[in-house]
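Here, each number is a calculation from the coordinates, and none is a lab measurement. None of the values given here were measured: they were computed from a predicted structure. Note that we place each Cβ from the backbone using ideal geometry, even for glycine, and neighbour counts take in every protein chain shown.
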Amino acid sequence: MKADALRGHLDALLLATLDGGKLHGYAIIEALQLRSGGALDLPTGTVYPALRRLERAGYVASEWSTVGGRKRRTYRLTATGERSLAKERTAWREFTTAIDGVLGGGPWPSPT
């Protein structure tokens with residue numbers, strides 16, 4: 001998938017990935033890849049700065065934990081992040097409906 005196609009959607013993708021539980025950074029990358037059928041294979045240099053930005057904005061919170069003897073920073077949605085994700089999902093549905101109306105190849109409405 002082209003990197004340009006993600007422009008403007010990375011934050012929503014990260015928030016959606018965190019919907020339902022805490023994940024550490026690499027697990028977020030793996031979840032994005034899995035849930036996208038392999039189409040989204042984002043580098044750590046893209047994901048971690050975005051997570052820090054989302055944390056500064058109050059959409060996610062993080063804490064250090066030890067998993068398998070390794071210290072990892074885990075991220076979770078905040079209430080503000082949950083509200084933002086709900087708005088992003090609504091906006092995405094509206095956007096895809098509009099684009100599908102043009103690119104979907106359906107019949108054109110006749111002018112009245």
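Tell me which of G69, A79, A31 sits at the most positive position along the dipole axis of the chain, charges placed on C-beta atoms (Lys, Arg +1; Asp, Glu -1).
Towards the positive end, the residue furthest out is G69.
Across region 3-100, how large is the tail of the calculated P(r) beyond 20 Å, expressed as a percent of all Cα pairs?
Distances greater than 20 Å cover 37 percent of the Cα pairs.
Counting Lys and Arg as +1 and Asp and Glu as -1, each charge on the Cβ, what is the dipole of region 3-100 about the Cα centre in debye, to the nearest 20?
460
Specify the angular offset, from 0 to 90 degrees and rounded to the nearest 10, of the alpha carbon long axis of helix 25-35 from the longest principal axis of the alpha carbons in the chain.
Approximately 30 degrees, to the nearest ten.
Expressed as a rounded percentage, what relative contact order does the chain have, with Cα pairs under 8 Å and six or more residues apart?
26
Roughly how tilted is helix 44-56, in degrees to the nearest 10 and between 0 and 90, from the longest Cα axis of the chain?
Taking the Cα atoms of the chain, the angle to 44-56 is about 90 degrees.
In sequence order, what are the phi-derived ³J(HN,Hα) couplings for region 70-75 according to the Karplus relation 6.51 cos²θ - 1.76 cosθ + 1.60 with θ = phi - 60°, rounded to whole Hz, with x for glycine and proline?
Those phi angles translate into 10, 7, 9, 8, 9, 10 Hz.
State whether region 2-60 is rounded, prolate or oblate according to the following rule on the C-alpha gyration tensor (a ≥ b ≥ c being the square roots of its eigenvalues): a/c under 1.5 gives rounded; otherwise a/b larger than b/c gives prolate, and the remaining case gives oblate.
Oblate.
For F95 and R35 in the same chain, what is the full-extension length gain: residue separation times 0.36 nm, less their Cα-Cα distance, in nm?
Extra length available between F95 and R35 comes to 19.5 nm.
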